[in-house]
Amino acid sequence: MADHLESLANRFFATVGMVEPAGYRAAEVLLNESVQPYFGGHDYLLLAFSPEVARERPSAELLTYGSPLLDTMAGVATGQGKTAHFYLGCLQPTTGRTLQKVLGQARLPGHLLETGEEQILFFHHALFLFRVSFIGEEREELFRGVAVDLHTGWATSRLGEQTLQPYRSTEPQAGRELKLRLGLGQARQAAMGKLQVEMADRVKALQERLKATCHAEQRQISEHYQAMIDRLEAGKARKGADPERIDAKIRATLADEERRQEDLEKRYRLNLEAAVTQLALVSYPKAVVSLRLQQGKEVRRAVAVWDSLTREGYFALLP
Amino acid sequence: MISLPEIYSLSLNRAAIDADHILLPPQLACFLPDQSELDLGDAGDIRVTKQGEIVSGKGLAKKLSRLGNLLQWSCDGDRIEVRGLTLGGSEGDIREAGGDRWCPAPDSSPLLEHVWRGEFASAENFFLARELSDLSVKPGFDQLLSFQVAQGVTTYPHQVSTVRTVLRQMKGRALLCDEVGLGKTVEAGLVTMEYLLRGLVKRVLILTPPSLVHQWQEEMAQKFNQDFVTSDSPEFVSGVDAWSRFPHIIASIDLAKRGDHLKQVMTTRFDLVIVDEAHRLRHRETAAWKLVNGLDKKYILLLTATPVQNDLDELFNLITLLKPGQLKTAAEFRKRFVARGDRLRPQNVEALKLQVSQVMIRNRRSNTGILFTQRRAQTVLTEPSPEEARLYQLVTETVRQFYGPDKKPLSRFTLKNLRMELGSSPAAIVPTVERLLLDNLPDAPHLRLHEIFDLAKSIRQTAKLAALQKTLSSLGKEKVVIFTRYLSTLHWLKENLKEYPLVVYHGGVSAREKDESIERFRSDAQLLLSTDSGGEGRNLQFCHIMVNFDLPWNPMRIEQRIGRLSRIGQKENVYIFNLASRGTVEDHVLEILDLKINLFELVVGELDLILGRLGEEKDLEETIMEMVGTSHGDDELRERLDKIGEDLADARQQYERVKSLDDALFGEVTSG
């Protein structure tokens, strides 16, 4: 019976060549030339999905969780599926109470002078999938998707792939739209900013935990070695003591302590990484109301946008 | 809200488009990253209708149109306006310096360029990549990964809790002191896998007593699919810089502390060190303690069911290996926690437990909530027929006659096999003797072997077989596992138990056949005939009756057989029937193991601790064979076997004493 990994492997290898069952919990794969370099230059692979089958068939490569082969597959798959463009054709937003809905979630950036037409406009988003790693005394990783509206710069983390699946269509869609106002680079910075804000509490908690543990252990080690040194120093006064030898021991003890303290510093340092692994454009309609706002002495044009997919509302100033 | 940049906007003069060659402004050049000029001859024409629509243009227009409706076009008189997605703002990638802040991340600019050029993968590939990436993501220790990797391992709440505690609270430095039979090895394996899977550990060293090196190797391979090289393997022994060259090593601690090895091992960095039977490190003055203390290591796990044997200082020494300073200095520890005049009696017990519980986990059977069933053993002694007795006598005499370093032509190995096969069945002897008869042997052994061969071949029915049949019929329809050491005996039994629905199981069958055999045994078959080498790791706890048709002389092998049925998860008491012919070596060995150490009713894991106290370098099987080969008669043999029995009884008593001591000391220290 095929487990999740086995069926995933079959799906994956079908995209990079041909895959055929080859007996109990094994499969043969013929690889396309373009991906052969990733698999050690081989055009053929015999896969085993259990250690016992791998032992019986020494030429087979074992695929399990944590195996290098799985990492290679993930790398190749990511190479082939880095980008996509999704049109959410089945999404049908409605108009009617757009401004009220947005006001329920966001503060108006000025004094409202005039409410304009309420309409459905088409929006493009850049959805960045970040692999976020917290590396301290443990390593924790997670994927977080942040989408940025390329017309206004608004960012959301609610546009995950689970949200996309039910609505996506393969056919390009179009409609009236606001001007595109963000480049992809700016969108990426906006997404990163959103990600950092979202992760801030977690980072702070992790840092505090690590620091507390590190300080406690450092103090303990300090006291331990100090006691050892005190004892050695006291030994110098004893009859027949060899002070040079004792000094050498003290130096060795201090060196040992230094080594352990450095080790602690390394173990409890928190490193954070965020890498964009995939990027998709996601295009779908939203309900929009145009507004005129007064900000100080200046009168500005703005929009109120209601996103019926993420159930979020926001205001954006227009140039 | 971020500040909005100026958007990309471009106006092209129709006249410029109609020209053959135009110099592109920077904004348009970014559509063709490596060019600032566009040769419209290659690009094709762009034609604009009177209504301002673009109707053709294979080159530039095609390139631009890949972005679909992300580009916006308008035409005003002679001017075409194009607005589109740009790469703007790509300077200053998502990276900041490391050290408690966001670290450099791989540059994502190429990814942006793919999108910007309109190079999109299919949705299927996108989601497949997402799924596979998910598998390579490492969540925090709240979500343990090792359980997905472990093969055929049933894990229990106390183990999950232990793994979490070791990872989270103890930061990978822990003394695992579960009572025997609760799976310390599995816990250590799970911790190892958590670190390996997250890339926090690359180099692992497992130090064990010599006798457990291969058991660890097998467990790591079978349960966690990890290949460890052992310190006695040819590639390790013959290799240069073996300690630093191999990332995963299982070594005998005795070897590691010797001469050249010591130098090498001490200069090698290990991310994780595991020491099994860590009570051997209880004295600070020993080479073993100094070795482990001096190792350059990040994480360390010490495994023992009996951390304290004679003196509370032993506990101090073990904990100091993990966390120097946890119990202050030895003098302070004694002053604060050891009662004056009795080095085994603690004082300030609550404070001591608090300190100890920060680095030590001791799960007890009584607080795991797991149902532990009993083992009940029954010896079935049979009276050998005259032919069987004659065969026994012939083989025994042959062994005695030819056994010894200078007694050729039959090797000790051959004689040992012959002698052990005799304890199984006549059918087991036949193939060995048949092979020997093909050798060019002198007359004396040849004639003797011929006689043995003829006699063994003629015996079709034995008293043990009859006893087995009788035992089986008394058990009704109960499922029974029958163990034998030899494949020939297994086939012979299969022929003689035809009336039962049965399956066979041995090292020679494929993984698929093994799975099918177990499945058939679970559903339809009543008997499972198995050799020792066939069933490691397979779950047989749905059956609770086993028969040892023959008995290995090495009690660890017997323990492994019993362990297949009698382990955590077994819901019934396990019944063990041991068959032996009266008056044989097997009868004596059985008597010793049963009466002196109560082997068949021990808890899994206790036998290790008892045998570990014998201090014998040789394993018991070799020792017994030496006695069988060199004794001058049955009386002498019996006397010598009885001596082994006394030693085993002493070892068991010592173990019991230490176990009670540790139970009393650490009763309340659990993984909570």
*Go through (1) touching a helix residue (DSSP H, G or I) at 6+ places or on another chain (Cβ under 7 Å); (2) under 30 Å from A:Tyr167 (Cβ atoms); (3) open to solvent by 40 Å² or more (accessible area, probe 1.4 Å) one by one and return the number of the condition A:Thr72 breaks.*
(2)
*Residues in the stretch A:10-19: is at least one within 10 Å of chain B (Cβ to nearest Cβ), surrounded by 19 or more Cβ atoms within 10 Å (Cβ to Cβ), in contact (Cβ under 8 Å) with a residue 24 or more places away in the chain and over 31 Å from the mean Cα position of the chain (by Cα)?*
no
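Going through A:Thr253, A:Thr277, A:Thr213 one at a time, which residue ends up being facing chain B (nearest Cβ under 10 Å) and part of a helix (DSSP H, G or I)? It would help to see each step written out before you state the result.
Numbers: A:Thr253 fails: facing chain B (nearest Cβ under 10 Å); A:Thr277 fails: part of a helix (DSSP H, G or I).
After applying the criteria, what remains is A:Thr213.
Which of the residues belonging to the stretch B:314-333 are outside any loop (DSSP other than H, G, I, E, B), of a type outside the set (Gly, Ala, Ser) and buried (at least 18 other Cβ atoms within 10 Å of the Cβ)?
Taking the stretch B:314-333 as the starting set, the residues that turn out to be outside any loop (DSSP other than H, G, I, E, B) are B:314-322, B:325, B:328, B:330-333.
Next, only the ones that are of a type outside the set (Gly, Ala, Ser) stay: B:314-322, B:328, B:332-333.
Correct list: B:Glu314, B:Leu315, B:Phe316, B:Asn317, B:Leu318, B:Ile319, B:Thr320, B:Leu321, B:Leu322, B:Lys328, B:Phe333.
Looking at the stretch B:350-357, is at least one residue open to solvent by 80 Å² or more (accessible area, probe 1.4 Å), out of contact with any strand residue (DSSP E or B) (no Cβ under 7 Å at 6 or more places or on another chain) and under 30 Å from B:Val275 (Cα atoms)? So that I can check it myself, show each step before the final result.
To start, the set of residues in the stretch B:350-357 that are open to solvent by 80 Å² or more (accessible area, probe 1.4 Å) comprises B:350, B:354.
This time we only want the ones that are out of contact with any strand residue (DSSP E or B) (no Cβ under 7 Å at 6 or more places or on another chain), so: B:350, B:354.
Filter once more, so that each one left must be under 30 Å from B:Val275 (Cα atoms): B:350, B:354.
Yes, some residue in the stretch B:350-357 is open to solvent by 80 Å² or more (accessible area, probe 1.4 Å), out of contact with any strand residue (DSSP E or B) (no Cβ under 7 Å at 6 or more places or on another chain) and under 30 Å from B:Val275 (Cα atoms).
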*asked:* Given the condition in contact with a strand residue (DSSP E or B) (Cβ under 7 Å, 6 or more places away or on another chain), more than 30 Å from A:Trp306 (Cα to Cα) and open to solvent by 50 Å² or more (accessible area, probe 1.4 Å), answer yes or no: does some residue in the stretch A:129-139 qualify?
replied: yes
*Please verify whether the stretch A:28-42 includes one or more residues that are assigned by TED's automatic domain parsing to the domain that holds A:Phe143, outside any loop (DSSP other than H, G, I, E, B), open to solvent by less than 40 Å² (accessible area, probe 1.4 Å) and touching a strand residue (DSSP E or B) at 6+ places or on another chain (Cβ under 9 Å).*
no
*Being in contact (Cβ under 8 Å) with a residue 60 or more places away in the chain and at negative phi is the filter; apply it to the stretch B:211-236 and report the residue that is farthest from the other protein chains (Cβ to nearest Cβ).*
B:Ser211
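Does the stretch A:226-249 contain at least one residue that is facing another protein chain (nearest Cβ under 8 Å), out of contact with any helix residue (DSSP H, G or I) (no Cβ under 9 Å at 6 or more places or on another chain) and not hydrophobic (A, V, I, L, M, F, W, C)?
First pass over the stretch A:226-249, keeping only residues facing another protein chain (nearest Cβ under 8 Å): A:227-228, A:231.
If we keep only those that are out of contact with any helix residue (DSSP H, G or I) (no Cβ under 9 Å at 6 or more places or on another chain) as well, we get none.
No, every residue in the stretch A:226-249 fails to be facing another protein chain (nearest Cβ under 8 Å), out of contact with any helix residue (DSSP H, G or I) (no Cβ under 9 Å at 6 or more places or on another chain) and not hydrophobic (A, V, I, L, M, F, W, C).
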*Hey, could you check the stretch B:508-524 for residues that are open to solvent by less than 100 Å² (accessible area, probe 1.4 Å) and part of a loop (DSSP other than H, G, I, E, B) and say which is nearest to the other protein chains (Cβ to nearest Cβ)?*
B:Ser510
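What is the residue count in the stretch B:163-182 for residues that are more than 12 Å from chain A (Cβ to nearest Cβ) and out of contact with any Lys or Arg (no Cβ under 6 Å at 6 or more places or on another chain)?
Step one: list which residues in the stretch B:163-182 are more than 12 Å from chain A (Cβ to nearest Cβ), which gives B:163, B:165, B:174-182.
Narrowing the set further to residues that are out of contact with any Lys or Arg (no Cβ under 6 Å at 6 or more places or on another chain) leaves B:163, B:165, B:174-175, B:180-182.
So the count comes out to 7.
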*What is the residue count in the stretch B:245-283 for residues that are without any contact (Cβ under 8 Å) to a residue 40 or more places away in the chain and either farther than 25 Å from B:Leu196 by Cα or open to solvent by 60 Å² or more (accessible area, probe 1.4 Å) (or both)?*
14
*List every residue pair whose Cβ atoms lie under 6 Å apart, where the two residues are 6 or more positions apart in sequence or sit on different chains, the first residue falls within the stretch A:159-181 and is more than 10 Å from chain B (Cβ to nearest Cβ), and the second residue, located anywhere, is assigned to a loop (DSSP other than H, G, I, E, B) and among the polar types (S, T, N, Q).*
A:Leu159/A:Thr310
_Given the criteria over 26 Å from B:His588 (Cβ atoms), out of contact with any Asp or Glu (no Cβ under 6 Å at 6 or more places or on another chain), charged (D, E, K, R) and not assigned by TED's automatic domain parsing to the domain that holds B:Phe600, does B:Glu350 qualify?_
yes
*Of all residues in the stretch A:146-189, how many are among the aliphatic types (A, V, I, L, M) and within 18 Å of A:Val288 (Cα to Cα)?*
6
*Can you spot a residue in the stretch B:372-384 that is open to solvent by less than 30 Å² (accessible area, probe 1.4 Å), closer than 26 Å to B:Glu591 by Cα, part of a loop (DSSP other than H, G, I, E, B) and at pLDDT below 85?*
no
_Which residue is nearest to the chain's Cα centre (by Cα), if the candidates are limited to the stretch B:561-580 and must be under 26 Å from B:Ala463 (Cα atoms) and open to solvent by 20 Å² or more (accessible area, probe 1.4 Å)?_
B:Tyr575
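Can you name every one of the strands (runs of 3 or more DSSP E) wholly within the stretch A:43-154 that holds 2 or more residues which are under 24 Å from the mean Cα position of the chain (by Cα) and within 13 Å of another protein chain (Cβ to nearest Cβ)?
Values: elements: A:44-48, A:83-87, A:111-135, A:139-149.
It comes to A:83-87, A:111-135, A:139-149.
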*asked:* If A:Leu264 meets every condition in (1) part of a helix (DSSP H, G or I); (2) open to solvent by 50 Å² or more (accessible area, probe 1.4 Å); (3) at pLDDT below 90 apart from one, which number is that one?
replied: (2)
*asked:* Restricting to the stretch B:225-249, and then to whatever is aliphatic (A, V, I, L, M) and either touching a Leu at 6+ places or on another chain (Cβ under 8 Å) or assigned to a loop (DSSP other than H, G, I, E, B) (or both), can you tell me which residue is nearest to A:Leu69 (Cα to Cα)?
replied: B:Ile249
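The values are calculated or read from the model by the stated rules, or taken from the named source; none is laboratory data. Everything numeric here is computed off the predicted structure, so don't read it as measured data. Positions of Cβ are backbone-derived with ideal geometry, glycine not excepted, and every protein chain shown enters the neighbour counts. Note: areas computed on protein heavy atoms with side chains; ligands, DNA, RNA excluded. Shrake-Rupley method; radii C 1.70, N 1.55, O 1.52, S 1.80 Å.
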